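K.L.:
For reference, the structure I am asking about is given below.
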Amino acid sequence: MLYTLPELLAVLIVTCGIALQTVVGIGYGLVAAPLLYLINPVYVPGPVLLVGFGLALMMVIRERRALRWRRVMPAIIARVPGAWCGAALLVALPQYALSLFFGFSVLSAVLLSLWRFSIPTTPVSLTIGGFLSGVTGTATSVGGPPIALVYQQQDRITARSEIAAFLLIGTPASILMLVLKGSLDWHTAHLSLRMLPGLFMGFFLARLIDGRLKPTSAKPLLLTVSGASALLVAIKGLIDWLGH
């Protein structure tokens with residue numbers, strides 16, 4: 001089946017987001033979610049989460065030797081109640097409120113990514129980060145920043161592999177909560193399948209640029225695109241709210 005222009009744009013956005021996260025450890029949700037939301041709100045959170053699970057699986061297989069499952073387990077366990085809260089929030093809010101919540105959540109994530117402060121990677125910080133990631137990840141599909149902040153003091157390979165492990169186990173919890181709340185159906189699953197070429201192209205692209213691209217060099221572009229997109233989503237929600 002041929003792709004429409006919006007679908008081709010969605011695949012391109014997914015490709016860029018996947019490549020960034022595969023190299024840096026975070027970036028797929030931050031970049032892809034707000035842009036895809038502007039194309040069609042139905043892309044968020046279900047399809048973005050389903051494709052993100054595929055990415056987490058591929059990264060864990062690649063990084064399996066660097067993984068320390070025991071350390072990341074508190075975050076994985078805490079993601080479950082966080083996912084329940086996020087799904088409940090998604091069902092309870094009207095569309096314009098979701099736009100506002102989504103936009104401001106991503107803007108907050110961008111600001112947190114710019115705020116450099118030391119958070120030790122402890123069971124307590126991992127539990128808090130895992131819970132917050134479950135809330136924002138399920139409601140907005142942007143769950144990376146809370147857990148990424150906990151891993152700021154770790155080296156890039158460790159952070160990348162353990163965040164992937166967290167997402168591999170934690171993302172299905174979010175997907176399950178969305179299914180139980182009726183926020184994910186066969187239509188959203190079909191959209192996810194249409195986005196799969198972006199997953200494989202992004203992963204392949206990351207292999208070409210990994211080692212040539214410094215993690216910090218992608219960060220300004222990542223945050224600029226994410227912040228601008230989130231601002232547009234928030235403005236759209238504000239306009240809808242005023243006209244409601």
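K.L.:
Given a 1.4 Å probe and every protein chain left where it sits, what share in percent of the accessible area of the range 129-244 is carbon and sulfur?
P.N.:
Its accessible area is 71 percent carbon and sulfur atoms.
K.L.:
Determine the distance separating the Cα centre of the range 66-91 from the Cα centre of the range 111-168; give it in Å without decimals.
P.N.:
Cα centres, the range 66-91 to the range 111-168: 11 Å.
K.L.:
Would you mind checking the radius of gyration and Dmax of the chain based on alpha-carbon positions, in Å?
P.N.:
Cα only, the chain: 16.5, 54 Å (Rg, Dmax).
K.L.:
Viscosity 1.002 mPa s, temperature 20 °C: what is the translational diffusion coefficient of the range 1-43 from Stokes-Einstein with a Kirkwood Rh over Cα pairs, rounded to a whole number of µm²/s? It would help to have the intermediate numbers written out before the result.
P.N.:
Values: Rh = 10.5 Å.
Value of D from the Cα-based Kirkwood radius: 203 µm²/s.
K.L.:
Let me know the longest stretch in the chain that avoids all trypsin sites (Lys or Arg not before Pro) found in a DSSP loop with at most 12 other C-beta atoms within 10 Å.
P.N.:
Longest site-free region, per DSSP loop and neighbour criteria: 117-211.
K.L.:
What accessible area per residue, rounded to a whole number of Å², is obtained for the range 70-211 using a probe radius of 1.4 Å?
P.N.:
45 Å²
K.L.:
Oh, and also: DSSP loop (so not H, G, I, E, B), at most 16 other Cβ within 10 Å: list which chymotrypsin sites (Phe, Trp or Tyr not before Pro) in the range 1-42 pass both filters.
P.N.:
Sites meeting the loop and neighbour criteria: Tyr3.
K.L.:
Moving to a separate point now. Which one of Leu231, Leu176, Leu112 has the biggest mean-square fluctuation once the chain is modelled by GNM with Cα springs under 10 Å?
P.N.:
Highest fluctuation of the listed residues: Leu112.
K.L.:
Of the chymotrypsin sites (Phe, Trp or Tyr not before Pro) in the range 82-128, which ones lie in a loop per DSSP and count no more than 16 other C-beta atoms within 10 Å?
P.N.:
Sites meeting the loop and neighbour criteria: Trp115, Phe117.
The values are calculated or read from the model by the stated rules, or taken from the named source; none is laboratory data. Keep in mind it's a predicted model, so treat the numbers as computed, not measured. Please note: Cβ atoms are built from the backbone with ideal geometry, for glycine as well, and neighbour counts cover all protein chains shown. The protein model used for the area step is the full one, side chains on, heavy atoms only, and it has no ligands, DNA or RNA in it. Shrake-Rupley method; radii C 1.70, N 1.55, O 1.52, S 1.80 Å.
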